[in-house]
Amino acid sequence: MHEVEAHLVGCLTCRELVMALDDEAVACRAALRVEEVAPVAIREAPAARGLTRGVAPAVALAFELLLHEEEVVVPSGEVVEQTWVTSARTVVIEGTLRGDLIVFGDRVTISGTVDGDLLSVARKVEISGRVTGSTVSFGERVRISGEVGRNAYAAAEQTTLTESGTVGRDFVGAGEGVLISGAVGRDVMTFSSWLEVRGRIERDLEVRADRLEVMNDAEIGGDLLAIYLDDEEDFEIDSSAIIRGQKTIEQVDIESHHYMDRYSSRHFYVFFAISFAAAFLSGMAMFRIAPWMFDSEISTGTEFFRVLAYGFVAIIALPIGFVVLALTVIGIPIAVVGLFLFGTFAYFSKIVIGGIIGISIFGEPEESDWRGFGLPLVAGLGIVLVATDILYLGEVVGFVTLLTGLGIIADRLLVQFRL
């Protein structure tokens, strides 16, 4: 089983076959749905309770927190007038939802109408109906074969705008690949490994990719700016394609430096020293104000993956929630304050990890002995900051430190304030 999973990670063709079979299974379940399997009542999603016990991947634990319903459905012909926030493995909108839809799930299908904005985090997002507002989608596959009234933003392994799909304003796609066969009312911007254009773009197309294909039936009403990384020959523009504006193809200007050059620059050490001093002072202030923040022991695999799961949920859910709040005038101040707090917690994540590492080496000082916390903090911060500055490995260490630190901060806040 592990060999199959490892193969699926690196093989897009096999993943698409598996997902196609999954689609057929969903269609069969829908066709065979009996009266006993009634649609889930529309309601506000309750808070997730507990965590899966045992050593499991942190991502699986995080989704166990978010996905607590099997299927949520707005049946065909039904009209629901409310903004809906929910999480389920399968979310299906066959009727009409008059309000915004914010959903975490494995599969999201919009075959009816969402009279508002759509924010979805799911493995597969399918929009064959109509969304009158904007869509923000994160997943493995995003497919738009219906109508998006305003803007469409997608970050996925593969994003597809089919021939029948339309986007009223701007389209922004990021990920492995993007296919545009439908119509976009204004501009298109993509950041992907490959982009294929077969449809109509009313204004400008800006693409950053390794491979670009503009087919003979494509039409671009404005300018085309294509930026490639390696080889211009991987950019193919059919002579029959219509480009009404200026066509510009250029290479990314990347200065080549030896990978050790950064360590020979005095600016690197000056910046490191300033960062270390700021982190030390911040850590001492945190220990003086909230010493319980460093009172965390991760002695088992279960505890480690638990805090990773908290961190994973925080990284995904909080920024998205604040962005959604910023879509409303009333929510803008709350979103600004929330993003500031999130950035503050992200900064303190390394400091918390450094303090805990130092305490594990030198022992735990008394809560009132904040001066005795200085040496453990210096040692722990030194280990963390040096590890995150190691070439190549540092990025991975930094990300795991961020996840773990945010998870510990969330866990400590939950315990301290009994949330």
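The values are calculated or read from the model by the stated rules, or taken from the named source; none is laboratory data. Values in this document were obtained by computation on a predicted structure and should not be read as measured data. Glycine gets a Cβ as well: all are built from the backbone with ideal geometry, and neighbour counts include every protein chain shown.
Looking at R306, R412, R371 in this structure, which one is basic (K, R), farther than 23 Å from L281 by Cα and assigned by TED's automatic domain parsing to the domain that holds I289? Matching residue, one of R306, R412, R371: R306. Filtered by the rule that a residue be under 24 Å from the mean Cα position of the chain (by Cα) and not hydroxyl-bearing (S, T, Y), the stretch 185-204 gives D187, V188, M189, F191, W194, L195, E196.
Conditions (1) modelled with pLDDT of 90 or more; (2) out of contact with any strand residue (DSSP E or B) (no Cβ under 7 Å at 6 or more places or on another chain); (3) assigned to a strand (DSSP E or B); (4) farther than 28 Å from I320 by Cβ, marked per residue:
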| position | (1), (2), (3), (4) |
| --- | --- |
| V172 | yes, no, yes, no |
| G175 | no, no, yes, no |
| L179 | yes, no, yes, no |
| S192 | no, no, yes, no |
| E206 | yes, no, yes, no |
| L212 | yes, no, yes, yes |
| D217 | yes, yes, no, yes |
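A search for C-beta distances below 8 Å between a residue of the stretch 142-163 that is in the same structural domain as W194 (by TED's automatic domain parsing) and any residue that is among the β-branched types (V, I, T) and not in a strand (DSSP E or B), counting only pairs 6+ apart in sequence or on different chains, returns R143/T162; I144/T162; S145/T162; G149/T132; R150/T132.
Residues that are loosely packed, with under 15 Cβ neighbours inside 10 Å and of a type in the set (K, R) are absent from the stretch 295-310. Among the residues of the stretch 324-333, which ones are surrounded by 14 or more Cβ atoms within 10 Å (Cβ to Cβ) and at pLDDT 75 or above? The answer is A326, G331. If you go through the stretch 80-101 and keep only what is in contact with a Phe, Trp or Tyr (Cβ under 8 Å, 6 or more places away or on another chain) and outside any strand (DSSP E or B), you end up with G99, D100.
Residues that are part of a helix (DSSP H, G or I) and within 19 Å of I408 (Cβ to Cβ) were ranked within the stretch 363-381; the one that is modelled with the lowest pLDDT is F373.
For the stretch 102-118, filtered to residues that are assigned to a loop (DSSP other than H, G, I, E, B) and not polar (S, T, N, Q), the residue that is farthest from S134 (Cα to Cα) is G112.
Taking the stretch 111-139 as the search range and keeping residues that are free of Cβ contacts under 8 Å to residues at least 60 places away in the same chain and of a type in the set (D, E), which one is surrounded by the most Cβ atoms within 10 Å (Cβ to Cβ)? Across the stretch 111-139, the extreme among qualifying residues is E126. When residues in the stretch 203-224 are screened for being surrounded by 18 or more Cβ atoms within 10 Å (Cβ to Cβ) and farther than 16 Å from T248 by Cα, 1 of them pass.
Residue-by-condition table, conditions (1) among the basic types (K, R); (2) within 24 Å of the chain's Cα centre (by Cα); (3) surrounded by fewer than 18 Cβ atoms within 10 Å (Cβ to Cβ):
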{"site": "F322", "(1), (2), (3)": "no, yes, no"}
{"site": "A335", "(1), (2), (3)": "no, yes, no"}
{"site": "G343", "(1), (2), (3)": "no, yes, yes"}
{"site": "S349", "(1), (2), (3)": "no, yes, no"}
{"site": "I353", "(1), (2), (3)": "no, yes, no"}
{"site": "G358", "(1), (2), (3)": "no, no, no"}
{"site": "G363", "(1), (2), (3)": "no, no, yes"}
{"site": "E366", "(1), (2), (3)": "no, no, yes"}
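So, in the stretch 144-157, exactly how many residues are in a strand (DSSP E or B) and surrounded by fewer than 22 Cβ atoms within 10 Å (Cβ to Cβ)? Full working, then the answer.
We begin by selecting, within the stretch 144-157, every residue in a strand (DSSP E or B); these are 144, 147-148, 152-157.
Filter once more, keeping what is surrounded by fewer than 22 Cβ atoms within 10 Å (Cβ to Cβ): 147, 153, 155, 157.
Within the stretch 144-157, residues that are in a strand (DSSP E or B) and surrounded by fewer than 22 Cβ atoms within 10 Å (Cβ to Cβ) number 4.
Going by what's in this entry, would Y153 be described as modelled with pLDDT under 90 and not charged (D, E, K, R)? Here the answer is no, as Y153 does not meet what is asked.
Contact annotation: residue pairs with Cβ atoms under 8 Å, 6 or more positions apart or on different chains, pairing a residue in the stretch 392-417 that is closer than 20 Å to L341 by Cβ with a partner that is of a type outside the set (A, V, I, L, M, F, W, C) and outside any helix (DSSP H, G or I), are I408/S296; D411/S296; R412/D295; R412/S296.
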